[in-house]
Amino acid sequence: MVGQALVRRLAREECELIEAPRERVDLRRQAAVEEWMEEARPDVVFVAAAKVGGIHANDTRPAEFLYDNLMIEANIIEAARHVGTSKLVFLGSSCIYPKFAPQPINEDALLTGPLEPTNEWYAIAKIAGIKLCQAYRQQYGLDFISAQPTNLYGPFDNFDLTSSHVLPALIRKAHEAKQAGAQDFTIWGSGKPLREFLHVDDLADALVFLAQNYSAPEIVNIGSGDEIAIGDLAEMIGRAVGFEGTILRDASKPDGTPRKRLDTSKLEGLGWRASIDLKDGIDDVYRWYLENWA
Ligand code: GFB
């Protein structure tokens, strides 16, 4: 999803675009990454690739989320150094911050407290990626930066109900309930956790902005300010999809972190802010879902 958004955004820049699709290179394999890098010799690298998933996938596949992400980032960062890449933008995540970090979460909160257990494996891998960028800057003088996006959604999202994030899952549940003429659909947890959502086209724009305008070891948050309780999100999606029944809650499923709104004052100070509002973004993704998935 992030890679596709970057490709759409970079089509508007004067650059030659080189992609590393999954079929061409398994980024978990060091030799494959080295070979790809030697051939491509990119000037700028965006590390969008990662093993990602929603709360259930993170919670039940800890080894994959830790191992795959450590390998992907370590292989790419070291191979980029080897071929003389001049700029690298690494993507972290808002889950790198402590579970009970003060809100909105400032970049300084990194490594100040315990992580949310459902996604600590992914978070540890992403923190290692951040530290790799900082270490390569310190030891080799390389301009490797890292950005921390809030919860993302958009075209090419994953709509598989066991591995997806909440927003695509609820679009699918609401749509299928409407199609089946069902009276209800069920969301996980209490519906009370708050999440901030950023459309992936906004993210891609921010990443290109940072590649062009930011060069420092400190991490940068990318958020939207569009924060909503999961129960309210479900109702909003129900309206967008045209579902008129009841929304039930499954308390046996985890809530995860209670709130993780990012403080985006640093990025705004640099001159960038999000522009796609959540309602428009949901309409956009629902259109994409109808055309490509449903
Ligand atoms: O998006 P999500 O899976 O991940 O879940 P996190 C967000 C909230 O939505 C949780 C609730 O409180 C879920 O319990 N939820 C309700 C649902 N219904 C559903 C449903 O049908 N599917 C899903 N998936 N959730 C992720 C991390 O945490 O945040 C990732 O797991 C990543 O590693 C991402 O960092 C940014 O927001 O809890």
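Results, tabulated for the structure shown:
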{"read-out": "Subset of the range 35-48 (residues that are outside any helix (DSSP H, G or I) and either more than 15 Å from the ligand (Cβ to nearest atom) or surrounded by fewer than 18 Cβ atoms within 10 Å (Cβ to Cβ) (or both))", "value": "Arg41, Pro42, Asp43, Val44, Val45, Phe46, Val47"}
{"read-out": "Top-ranked residue of the range 88-97 - restricted to ones that are among the small types (Gly, Ala, Ser) and under 13 Å from Ala128 (Cα atoms), ranked as farthest from the ligand (Cβ to nearest atom)", "value": "Gly92"}
{"read-out": "Residues within the range 140-151 that are within 16 Å of the ligand (Cβ to nearest atom) and open to solvent by less than 10 Å² (accessible area, probe 1.4 Å), tallied", "value": "5"}
{"read-out": "Residue list for the range 223-235, filter: modelled with pLDDT of 95 or more, open to solvent by less than 40 Å² (accessible area, probe 1.4 Å) and not β-branched (Val, Ile, Thr)", "value": "Gly223, Ser224, Ala229, Gly231, Leu233, Ala234"}
{"read-out": "Residue count, the range 152-162 (criterion: farther than 16 Å from Asp280 by Cα and open to solvent by 20 Å² or more (accessible area, probe 1.4 Å))", "value": "5"}
{"read-out": "Condition check for Lys51: closer than 18 Å to Gly256 by Cβ and either surrounded by 22 or more Cβ atoms within 10 Å (Cβ to Cβ) or among the hydroxyl-bearing types (Ser, Thr, Tyr) (or both)", "value": "no"}
{"read-out": "Residue within the range 243-261 that is out of contact with any Gly (no Cβ under 9 Å at 6 or more places or on another chain) and away from the ligand (no atom under 16 Å from the Cβ) present", "value": "no"}
{"read-out": "Every residue from the range 108-119 that is assigned to a helix (DSSP H, G or I) and in contact with a Phe, Trp or Tyr (Cβ under 9 Å, 6 or more places away or on another chain)", "value": "Ala109, Asn119"}
{"read-out": "Condition met for Gln212 (of a type in the set (S, T, N, Q), at pLDDT 95 or above and within 25 Å of Glu244 (Cα to Cα))", "value": "no"}
{"read-out": "Any chance Leu207 is of a type in the set (A, V, I, L, M, F, W, C) and within 13 Å of the ligand (Cβ to nearest atom)", "value": "no"}
{"read-out": "Qualifying residue in the range 112-122 (condition: open to solvent by less than 20 Å² (accessible area, probe 1.4 Å), at pLDDT 95 or above and aliphatic (A, V, I, L, M))", "value": "no"}
{"read-out": "Pair list, Cβ < 8 Å and 6+ apart or interchain, from the range 238-262 residues that are polar (S, T, N, Q) to residues that are within 9 Å of the ligand (Cβ to nearest atom) and not in a helix (DSSP H, G or I)", "value": "Thr257/Glu116; Thr257/Pro193"}
{"read-out": "Top-ranked residue in the range 54-87 [being among the β-branched types (Val, Ile, Thr) and surrounded by fewer than 18 Cβ atoms within 10 Å (Cβ to Cβ); ranked as nearest to the ligand (Cβ to nearest atom)]", "value": "Thr60"}
{"read-out": "Enumeration of residues in the range 202-222 that are open to solvent by 20 Å² or more (accessible area, probe 1.4 Å) and under 15 Å from the mean Cα position of the chain (by Cα)", "value": "Asp205"}
{"read-out": "Residues of the range 77-124 classified as within 14 Å of Phe144 (Cβ to Cβ) and over 18 Å from the mean Cα position of the chain (by Cα), total", "value": "11"}
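So that you can scan it fast, the table gives a plain yes or no per residue for (1) buried (at least 18 other Cβ atoms within 10 Å of the Cβ); (2) away from the ligand (no atom under 11 Å from the Cβ); (3) not in a strand (DSSP E or B):
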position	(1), (2), (3)
Lys99	yes, no, yes
Gln103	no, yes, yes
Ile127	yes, yes, yes
Gln138	no, yes, yes
Leu167	yes, no, yes
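The values are calculated or read from the model by the stated rules, or taken from the named source; none is laboratory data. This structure is a prediction, so every number in the text was calculated from the model and none was measured. So basically every Cβ, Gly included, is an ideal-geometry build from the backbone, and we count neighbours across all protein chains shown. To get the accessible areas, we keep the full protein, side chains included, count just its heavy atoms, and leave off ligands, DNA and RNA. Shrake-Rupley method; radii C 1.70, N 1.55, O 1.52, S 1.80 Å.
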